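Enquirer: Quick one: the structure is below, and I'll ask about it shortly.
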Amino acid sequence: WWDERVSARFRRNLQPTLTYWSVFFSFGLCIAFLGPTLLDLRCQTQSSLSQITWVFFSQQFCLLLGSCLGGVFKRTLAQSLLALFASSLAISLVFAIIPLCHNVVVLAVVMAVAGLAMGCIDTISNMQLVKIYQKDSAIFLQALHFFVGFGALLSPLIADPFLSDTNCILANGTASASSNLPHIRKSLVPHHPGNLSHYDLPMKGVVVTQVSYAFWIMALINLPVPIAVFFLLYKERMVPCFNGSSHPLLPADELALETRPGNKDELSTAGQRPHCRWASGHKDLFSCCQSINFRGSSSTYLAVHITGALVLFMSDGIVGEYSGFVYSYAVEEPLSVVHKVAGYLPSLFWGFITLGRLISIPVSYRMKPATMVFINMVGVLITFLLLLIFSSSVVFLFVGTASLGLFLSSTFPSMLAYTEDILQYKGCATTVLVTGAGVGEMVLQLLVGSIIHDRGSYSFLVCGMIFGCLAFTFYTLLVFFHRMYPKPSPELDEASPDKAAVPEDTGQYQR
């Protein structure tokens, strides 16, 4: 279902591609375990519910910070792979260390380290796949984001057998407090704390949790990921202790051409232009904002960056606020869904996000990224509109949750591929988009949480509809700026990275 050119390009870059996919599985494994295990971690640290929810903030804030700083390690392939190796190894160490954290402050620091590692993985993996495949990157980005969904589904399943059925601190009043435990646990799925201040659970007593085994299992499952990154480093001769000779700065076929007499000037002309273009783009967020790229460039150049980031600010914000508050919305009036049934809603939402990303892998090969984003935006608007119309129907809440997960699933990778296509792989699109998505997920969760607290549960759907309308508006502006954006001249097109480095778009893996 794809042509021989893309297949050949994938085979040439098989090891780095599989490595980046596995690292994103590590990202997904780490992002979804905290909600289900938080009550057991509260018992382990013997802290209150309000204290333990600060662990959410430390992870989310440092994830955003890591996304901003991830571009720092993008300047060379060696730096990128070393950063990925350190980040994936840090996640395994975090899983192994969490059972040893008996103080909530120490746990928050450990989760902050995990957040930084996750942010670096998010930025660097997206950047490297875009750099390798460029015009063909959409299908590989869809696969990349399938792996984060797969990891996010797997970690709660691993944790579930080890979660406490009753309150994990045995003290007076445990029986009455335990009756609220399923309600509290479901309100923490997948990674957002609700309003838990009115629940009173014992803080002193005998700790009986067995959640440590879940973290050690996840540490072992994640361990092959840093090993895979190390093997890629070793293959590229970038391991400091094992690189017997310095690695070449140019692909092998260009080195062969360089040895031929009379071709050196021609090679330098063809090879230096793409290096300059890549050197000027894809930096960290702070360098990007001060980049010479923005000086003297057209207004549409900056507008494409901003509108692309705003689309993902809204769409990823919808993912965060819906997954965080759909359970709380379902158990309140007028739906009044029983807690056990309502607990399936976040799992259904994330399950269809993962399914949608799997479906999008072959679809993205036949459909342009711009078309996929348009379908996603329209689908989100229609789903929220129907959810508002049938707000008293429990059945349609489940149908709408599945539909929303399906339409939101491919928005991020499609937007990333579309924006990079517009900018001809210059500028800082990947860094800006990843950062915008992270900010949106964190800010809109806090905003919706405060609105629900003041205005009631129905405002949950109203906020989603407003965010969907804003996302569609920003997408329309992005299409408008795309039409205004200057087309590349034939000379620049011939000098594009995927053509200059390797003739006929062979997709050589470059350092």
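The values are calculated or read from the model by the stated rules, or taken from the named source; none is laboratory data. Note that this is a predicted model, so its numbers are computed, not measured. Cβ coordinates were reconstructed from backbone atoms using ideal geometry, including for glycine residues, and neighbour counts include every protein chain displayed. Accessible surface is based on the protein model in full, side chains and every heavy atom, while ligands, DNA and RNA are left aside. Shrake-Rupley method; radii C 1.70, N 1.55, O 1.52, S 1.80 Å.
Enquirer: With a 1.4 Å probe and all protein chains left in place, how much accessible area per residue does the range 1-151 have, in Å²?
Expert: Details: 4440 Å² over 151 residues.
Result: 29 Å² of accessible area for each residue.
Enquirer: Would you mind calculating the relative contact order of the range 23-103 from Cα pairs under 8 angstrom and at least 6 residues apart, reporting the percent as a whole number?
Expert: 46 percent
Enquirer: Along the charge dipole of the range 298-487, Cβ charges K/R +1 and D/E -1, which of MET442, MET484, LEU345 sits furthest on the positive end?
Expert: Towards the positive end, the residue furthest out is MET484.
Enquirer: Tell me the Rg and the Dmax, in Å, that the Cα atoms of the range 294-365 produce.
Expert: Values for the range 294-365 (Cα only, Rg and Dmax): 18.5, 59 Å.
Enquirer: Where the accessible area of the range 298-487 is counted over protein heavy atoms with a 1.4 Å probe, how much of it, in %, is carbon and sulfur?
Expert: Details: 5210 of 7170 Å².
After summing per-atom areas, the C and S share lands at 73 percent.
Enquirer: Shifting gears a bit: With a 1.4 Å probe and every protein chain kept in, tell me what percent of the accessible surface of the range 1-154 is carbon plus sulfur.
Expert: Whole-percent figure for carbon plus sulfur exposure: 74.
Enquirer: A further question follows. Compute, for the range 298-487, the length of the dipole vector about the Cα centre, with Cβ point charges of +1 (Lys, Arg) and -1 (Asp, Glu) only. Units Debye, rounded to 20.
Expert: 580 debye
Enquirer: What number comes out for accessible area per residue over the range 298-487 if the probe is 1.4 Å? Units Å², please.
Expert: In whole numbers, the range 298-487 has 38 Å² accessible per residue.
Enquirer: Please name whichever of LEU397, LEU312, VAL373 sits farthest to the positive end of the charge dipole of the range 298-487, dipole taken about the Cα centre and charges placed at Cβ: Lys and Arg +1, Asp and Glu -1.
Expert: Most positive-ward Cα: VAL373.
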